[in-house]
Amino acid sequence: MIARLIACIAVLAAIAAAQPSVAQTSRAIRLVVAFAPGGNTDFVARLVANEVKAQLGQTVVIENKPGANGAIGADYVAKSEPDGQTLLFSTAGALAINPNLRTDLPYDPQRDFAAVVPIARNTVLFAASRRLQAATAADMIALAKARPGTVTVGITGVGAISHLTLVLLQARAGIRLQFVPYRGAGQAIGDFVSGQIDAMSADVPVLLPQIRAGKGRILAVAAAERSDVLPDVPTFAELGYPDVVADNWSGVLAPAGTPAPAIARLNAAFNAVLRDGEVRRKLAESGVSTLGGSPADLAALMRRESERWRAVVTELGVGAIAPSP
């Protein structure tokens, strides 16, 4: 009788010990998008999250925490519990550019995160609204030279990759543009479409629907080669500015210290989604190329991009990247 009682107690103890892990796996995963709703990063995150929940058997909830070129969302995740339940969905801005622009950054991308998976890549475009009297990029550059500081360009945040692309163009072409910073692409698009600003620099998917609707025209893309989505649009390299090249990319990260099995499980789930033909088709239609890969692939991408943008910032100086007066 005593032996049976001891056995029952042991079973109950085992069940009780198992409860926290059961509760943990049933919790929703919070995917923190470090940018505002309505932009390309948010679009890609929501599309992927909607599919990855089936792979994980868990709800995946998007939380937008925009601001400071992705720094607010990144800092939030960096300080979250490393249990695999809170993840960061971010881009080159927060992970490779911010560290080279700010000395007060509250997180270190290399130290405070565990890379999970690279997600996608797309290029940056320069588009003219109907207000700008320039049919080509060469026309815009000539106008900016003749009237320095008068061509207004919407950017989705100071220090964003779309902004740095044009800072590079200014330096190479010898022009001065008037940058108009916005907290996210959604706000900028409204002013672009209504003609409140002359032009906009953004990831291809951000403006592609408006361009297809005839609400603006693309003057150039900041890519090494012409885009498959925009084969008739020249690159800045073709126009004589070979290093005005900027591919934006996104990835998923977890707080440093997240257990390796959790990272492996997440990596497998996201990669399965990125291999799905329908997901790839939807992304490609918007001008986005899927990546996928290992945590080491994302970590290496972050290091390469950080070195690249460090060289740009060092050459131009932080002052050249500050908002237009």
If I filter the range 224-233 for residues that are aliphatic (A, V, I, L, M) and in contact with a Phe, Trp or Tyr (Cβ under 9 Å, 6 or more places away or on another chain), do I get at least one hit?
no
Given the structure, is A254 outside the structural domain of R183 (by TED's automatic domain parsing), crowded, with 16+ Cβ neighbours inside 10 Å, in a strand (DSSP E or B) and of a type in the set (A, V, I, L, M, F, W, C)?
yes
Looking only at the range 274-281, decide whether some residue is touching a strand residue (DSSP E or B) at 6+ places or on another chain (Cβ under 9 Å), touching a residue at least 60 places away in the same chain (Cβ under 8 Å), among the aliphatic types (A, V, I, L, M) and closer than 26 Å to F113 by Cβ.
yes
Looking at V117, V44, V52 in this structure, which one is part of a helix (DSSP H, G or I), among the hydrophobic types (A, V, I, L, M, F, W, C) and under 15 Å from the mean Cα position of the chain (by Cα)?
V44
With respect to the numbered conditions (1) out of contact with any Gly (no Cβ under 6 Å at 6 or more places or on another chain); (2) over 26 Å from D243 (Cβ atoms); (3) in the same structural domain as R303 (by TED's automatic domain parsing), which one is the sole condition not fulfilled by K65?
(1)
Note: among R102, R111, just one is of a type outside the set (A, V, I, L, M) and either at pLDDT below 95 or not assigned by TED's automatic domain parsing to the domain that holds L31 (or both), namely R102
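Here's the yes/no breakdown for (1) of a type in the set (G, A, S); (2) at pLDDT below 95; (3) touching an Asp or Glu at 6+ places or on another chain (Cβ under 6 Å):
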{"site": "N248", "(1), (2), (3)": "no, yes, yes"}
{"site": "P261", "(1), (2), (3)": "no, no, no"}
{"site": "A284", "(1), (2), (3)": "yes, yes, no"}
{"site": "A320", "(1), (2), (3)": "yes, yes, no"}
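Within the range 171-217, work out how many residues are in a helix (DSSP H, G or I), charged (D, E, K, R) and in contact (Cβ under 8 Å) with a residue 24 or more places away in the chain. Explain how you work it out, then say what you get.
We begin by selecting, within the range 171-217, every residue in a helix (DSSP H, G or I); these are 171-173, 185-194, 204-212.
With charged (D, E, K, R) added as a condition, the list becomes 172, 191, 212.
From the residues that got through so far, the ones that are in contact (Cβ under 8 Å) with a residue 24 or more places away in the chain too are 172, 191.
Counting residues in the range 171-217 that are in a helix (DSSP H, G or I), charged (D, E, K, R) and in contact (Cβ under 8 Å) with a residue 24 or more places away in the chain gives 2.
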In the list D83, D75, which residue meets the criterion of being touching a residue at least 12 places away in the same chain (Cβ under 8 Å), crowded, with 18+ Cβ neighbours inside 10 Å, in the same structural domain as T258 (by TED's automatic domain parsing) and among the acidic types (D, E)?
D75
Checking the structure you have, find out if any residue of the range 1-17 is among the charged types (D, E, K, R) and either modelled with pLDDT of 95 or more or closer than 23 Å to F270 by Cβ (or both).
no
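The values are calculated or read from the model by the stated rules, or taken from the named source; none is laboratory data. Computed from a prediction, not measured in an experiment: that's the story for all the values here. Positions of Cβ are generated from backbone atoms using ideal geometry, with glycine treated the same way; all protein chains shown enter the neighbour counts.
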